[in-house]
Amino acid sequence: MTLTDLRMELKATLEGHKGSDQAITAGKLGVIFGVNERVVRLAIRELRRNHEVILSSGAGYYYPENPQQITEWLAGMRRRLIEDAVTRRDVRV
């Protein structure tokens, strides 16, 4: 399976996983498609770069059910970016 094929198959599969309660892990997706989790994450990153709105949580990946889920996910991403920046600023070598 090519990476292009994998992206198409992931997109189709994730369309059946709308909302955080329907999230599916990279591990399960890997088993479905016969690839490791890293390959799944890379393919999802490429889908996102091509404007697919694929959200994630500790439970896995999913498409949003409504705009509020996107807003909440973006707020969480923003918080993590700020926390990472503060941590990097405070690290002393």
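The values are calculated or read from the model by the stated rules, or taken from the named source; none is laboratory data. This one's a predicted model, so the numbers in the text were calculated from it and none came from an experiment. For neighbour counting, all protein chains shown are included, and Cβ atoms are generated from backbone atoms with ideal geometry for every residue, glycine included. Note: accessible area is taken over every heavy atom of the protein model, side chains too, but ligands, DNA and RNA are not part of it. Shrake-Rupley method; radii C 1.70, N 1.55, O 1.52, S 1.80 Å.
Taking every Cα atom in region 21-73, find the radius of gyration and the maximum pairwise distance Dmax, and write them in Å.
Gyration radius and largest Cα-Cα distance of region 21-73: 11.3, 33 Å.
Which sequence of Arg89, Arg48, Arg80, Arg7 reflects their accessible areas, 1.4 Å probe, from the largest down? Please report the intermediate quantities before stating the final value.
Numbers: Arg89 150, Arg48 80, Arg80 115, Arg7 50 Å².
If we order Arg89, Arg48, Arg80, Arg7 from most to least accessible, we get Arg89, Arg80, Arg48, Arg7.
Could you work out, for region 44-85, what percent of all Cα-Cα pairs fall into each 10 Å distance bin, beginning at 0 Å and stopping at the bin that holds the largest distance?
P(r) over region 44-85, rounded to whole percents: 26, 55, 19, 0.
If you place +1 on the Cβ of every Lys and Arg and -1 on the Cβ of every Asp and Glu, how big does the dipole about the Cα centre of the chain come out, in debye to the nearest 20?
With Lys and Arg at +1 and Asp and Glu at -1, about 440 debye.
Summarise the accessible area of the chain (1.4 Å probe, protein heavy atoms) by the percent that is carbon and sulfur.
Numbers: 3390 of 6480 Å².
Roughly 52 percent, rounded to a whole number.
Compute for the chain: radius of gyration divided by Kirkwood radius, i.e. Rg/Rh, restricted to C-alpha atoms, rounded to two decimals.
1.05
Taking all protein chains together and a probe of 1.4 Å, list Ile24, Ile82, Ile70 from the most accessible to the least accessible. Working shown, then result.
On the way: Ile24 15, Ile82 100, Ile70 55 Å².
Heavy-atom accessible area, descending, gives Ile82, Ile70, Ile24.
Could you state the angle between the C-alpha long axis of helix 67-90 and the longest principal axis of the C-alpha atoms of the chain, as a value from 0 to 90 degrees rounded to the nearest 10?
So the inclination is approximately 50 degrees.
Go ahead and collect, in residue order, the members of region 63-79 whose backbone nitrogen is under 20 Å from a label point 7 Å along the Cα-Cβ direction of Asp21.
63-73
Take Arg89, project a point 7 Å from its Cα along the Cβ direction, then tell me which residues of region 63-77 have their backbone nitrogen under 11 Å from it.
Label zone hits: none.
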